Amino acid sequence: MSYVTSPDARLLYGGSSAIMFDTASDRFDSWSFAQYRETSAFSVPVSQIILEFQNLWRFRTTGNRGGPISIRDLLNAVYVHSRTELSREQISEMPADLRNAANRSYRARVQEQSSLDFRPLPMTVLDFLVGNTVFVGLSPKAEEPTTWIAHFGPRSLLNASNVDAQVWPTVSNNSEYAPSLYAQARPTGSNRAHVSNPYAQAPVARTLSAVPNINAFLMFGGHHALTYDIAPEFNGWEFSHYSGTSAFMVPLTQINLEFQNLWRFPMTGNKGGQISIYDVLEAVHKYSRTELQRGHISEMPQNRRTEAGRSYYERVGQPQLGSMRPPMIVLDFLAGNTMFLGLSPKAQDPTTCIVHFGPPS
């Protein structure tokens, strides 16, 4: 695996077990998170990271007394950083629409101030979350392995007790100062509340209509991309902790996977649900074992057939006289490049992701 570290599942943005808490609370409830004070926030403990809020602010974050960052350290840091006061100059540099939305949030917060306290309250980062004050997890920042993006959602997430799945926010809508977009996932029964947001522009994609941002753990060429050799048997246990993590920033239930510009395989999530990182890794391995008919093979260029033939005999050995020969499979046409390196979107085809491979290390 080529990534340096990954968040604990309880901090992973989009994960089914992610911890959520409201940063707008009057104080950080350290007692509620005391059980996590010794639990590392990352799979490989680190003592310092950068937390990024809203594509606008970056905060250096360290562990307690310089030690590894624990889950409680990180949650406390998110709360403290959200209280960072902003100067007039910083505020004036914000886009007008974001300033207006933040002013509305600020006025609502000031109205809750005690009538005995006459000191004016400064604007803080919290106001620029424009009501989306619930911390919902971290995701890696592309090309910056020491920086993690803090994601936030509406308070209604804490009250959604009957929801099939959460549709988590994306970070950017192609603007340097883009606020996050949020939407409530398919509520069941009578709990069909919709979350209003002034920046929501489109319904959430859930099926084969568009491939949104690929999770950084699957993004080809990214610092955090998971890699594994598909030639051996699939070790599902190694990736089981990704079974609850969406493969896409806006969860999908169906996509196409394209191999070598030759084969395209439709895939769905487990039991028809959203496609997880685990689902993608398992599907790549399964489809690499797809048997090929003679007619398919004969249509390949001669040089590809020759390379695949060498890979085939390396895999199965020379068959004994009179024994049945195993069929050629897609794996043979990878010509030894059996290391899964990630996905990339296919140009002009928003329903398809290209699967990339390289030589095993």
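The values are calculated or read from the model by the stated rules, or taken from the named source; none is laboratory data. Note that the structure is predicted; figures quoted are calculated from it, not measured. Cβ sites come from the backbone with ideal geometry, for glycine too, and all protein chains shown count toward neighbours. What goes into the accessible areas is simple: the full protein's heavy atoms, side chains included, and nothing from ligands, DNA or RNA. Shrake-Rupley method; radii C 1.70, N 1.55, O 1.52, S 1.80 Å.
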All positions within the stretch 39-82 that are surrounded by fewer than 20 Cβ atoms within 10 Å (Cβ to Cβ) and in contact with a Pro (Cβ under 6 Å, 6 or more places away or on another chain) | Pro45, Ser47, Pro68
Cβ pairs under 6 Å, 6+ apart, first in the stretch 63-75 and within 16 Å of Leu12 (Cβ to Cβ) and part of a loop (DSSP other than H, G, I, E, B), second open to solvent by less than 10 Å² (accessible area, probe 1.4 Å) and of a type in the set (A, V, I, L, M) = Ile69/Ala41
What is the residue count in the stretch 308-331 for residues that are surrounded by fewer than 14 Cβ atoms within 10 Å (Cβ to Cβ) and either on the phi > 0 side of the Ramachandran plot or of a type in the set (Ser, Thr, Tyr) (or both)?
-> 4
Can you tell me which of Asp349, Asp279 is of a type in the set (Asp, Glu) and either at positive phi or modelled with pLDDT of 90 or more (or both)?
-> Asp279
Considering only residues that are open to solvent by 80 Å² or more (accessible area, probe 1.4 Å) and either part of a helix (DSSP H, G or I) or of a type outside the set (S, T, N, Q) (or both), look in the stretch 283-307 and name the one that is nearest to His241 (Cα to Cα).
-> Lys286
So Phe234, is it without any contact (Cβ under 8 Å) to a residue 60 or more places away in the chain, hydrophobic (A, V, I, L, M, F, W, C), over 26 Å from Ile149 (Cα atoms) and surrounded by 16 or more Cβ atoms within 10 Å (Cβ to Cβ) = yes
Out of curiosity, is Ile91 under 22 Å from the mean Cα position of the chain (by Cα), of a type in the set (Val, Ile, Thr) and at pLDDT 85 or above?
-> no
Kindly establish whether Leu334 is at negative phi and touching a helix residue (DSSP H, G or I) at 6+ places or on another chain (Cβ under 9 Å).
-> yes
Going through the stretch 294-332 in order, the residues found to be within 37 Å of the chain's Cα centre (by Cα) and of a type in the set (S, T, N, Q) are Ser311
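Quick grid of which residues meet (1) over 18 Å from His224 (Cβ atoms); (2) outside any helix (DSSP H, G or I):
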site	(1), (2)
Ser17	yes, yes
Phe28	yes, yes
Ser32	yes, yes
Pro45	no, yes
Leu51	no, yes
Tyr79	yes, no
Gln90	yes, no
Look through the stretch 244-273, keep the residues that are of a type in the set (Gly, Ala, Ser) and surrounded by fewer than 16 Cβ atoms within 10 Å (Cβ to Cβ), and return whichever of them is modelled with the highest pLDDT.
-> Gly273
Looking at the stretch 219-228, is at least one residue farther than 23 Å from Lys346 by Cα, touching a residue at least 12 places away in the same chain (Cβ under 8 Å) and among the β-branched types (Val, Ile, Thr)?
-> no
